[in-house]
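Some notes on the structure that comes next.
Rule-based calculations on the coordinates, nothing more; no lab input. In this text the structure is predicted, and so the values were computed from the model without any measurement. Using ideal geometry, Cβ is built from the backbone for each residue, glycine included, and neighbour counts are taken over all protein chains shown.
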């Protein structure tokens, strides 16, 4: 294990935009508020949020992702959120599909950079296709997978993908949808939103923690924080990565919008908890 782990992050990088404003009146066209926008905030989303959190925790993170190619350049998917006060009124998405990550670029990054682990942040936008998933399996590195596709996209027919070096991170809906396959995996971290996190081994609960959040500012990106913090804890040799990841997620949801958590914040909260 290294003190400063090097983690390759691959998947769907996105841009989160928050259009913050004030409701000034009701629209005469429909029973909806007319909102005067006062500020637009930008945050990294998806795989980019994972990489940002890894860097904030103290890891070296290298991000590779797919692009939506246009005649005048390249773009990544965008999530727009309309917010009034603390209430999100609407969300709309742009450029929702991208090209796969070239396997040649992944291989070059591993040979040049020699990472300690891989995080896959697969939001189903197209960055991670079959070739990419097979390449990930062949690396035989500690691998942390958050995927909308389910485990069969990576390892259902490949025993190496079900080794203890792999950890999957479904939310409750994703887990129930593919429960039969997830229960074949030796290590699954189930993200239970306001109920915290639970680690399962071949479908059997091993350990769980309630959320440590003291308040809720926003749950956007909290799942990314869980994956990033867990991967950081494992690759840096920290004790009890599930507890560490749950603590990080609790700090994240206390903040507004998509956010990052620093190692200093986690250590300060540990002191407050007497840990």
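Observations
- Nearest-ten-degree value, helix 222-235 long axis tilted from longest Cα axis of the chain: 30 degrees
- Taking all Cα pairs closer than 8 Å and separated by 6 or more residues, the relative contact order of the chain comes to 18 percent.
- Relative contact order computed over region 87-199 (Cα-Cα under 8 Å; 6+ residues apart), in percent: 19 percent
- Within the listed set 39, 208, 94, the residue fluctuating most in the Gaussian network model of the chain (springs between alpha-carbon atoms under 10 angstrom) is 39.
- The chain: calculated mean residue ellipticity at 222 nm from DSSP helix runs of at least 4, using -39500 (n - 2.57): -8500 deg cm²/dmol
- Sorted peptide list for 29-37, 187-195, criterion being average Cβ within 10 angstrom, highest first: 187-195, 29-37
- Rg over Rh [alpha-carbon atoms, Kirkwood Rh] for the chain: 0.98
- Solution diffusion estimate, µm²/s, Stokes-Einstein, region 85-219, Kirkwood Rh from C-alpha pairs, 4 °C, viscosity 1.567 mPa s: 79 µm²/s
- Here the average projected area of the convex hull drawn through the C-alpha atoms of region 137-275 stands at 8.1 nm².
- Rounded FRET efficiency, nearest 0.05, which uses the C-beta distance separating residue 193 from residue 26 and R0 of 25 Å: 0.20
- Near-label residues of region 65-95 by backbone N, under 15 Å of a point 7 Å along Cα→Cβ of residue 173: 91-93
- Cα centroid of region 77-115 to Cα centroid of region 201-236, whole Å: 20 Å
- For the pair residue 129 and residue 96, a Förster radius of 22 Å applied to the C-beta separation gives a FRET efficiency near 0.90, rounded to the nearest 0.05.
- Calculated FRET value between residue 37 and residue 108, using beta carbons and R₀ = 41 Å, to 0.05: 0.45
- Considering only the chain, percent of DSSP beta bridges that pair antiparallel, nearest 5: 55 percent
- Among 130, 250, 45, the largest mean-square fluctuation in a Gaussian network model of the chain (Cα springs under 10 Å) belongs to 130.
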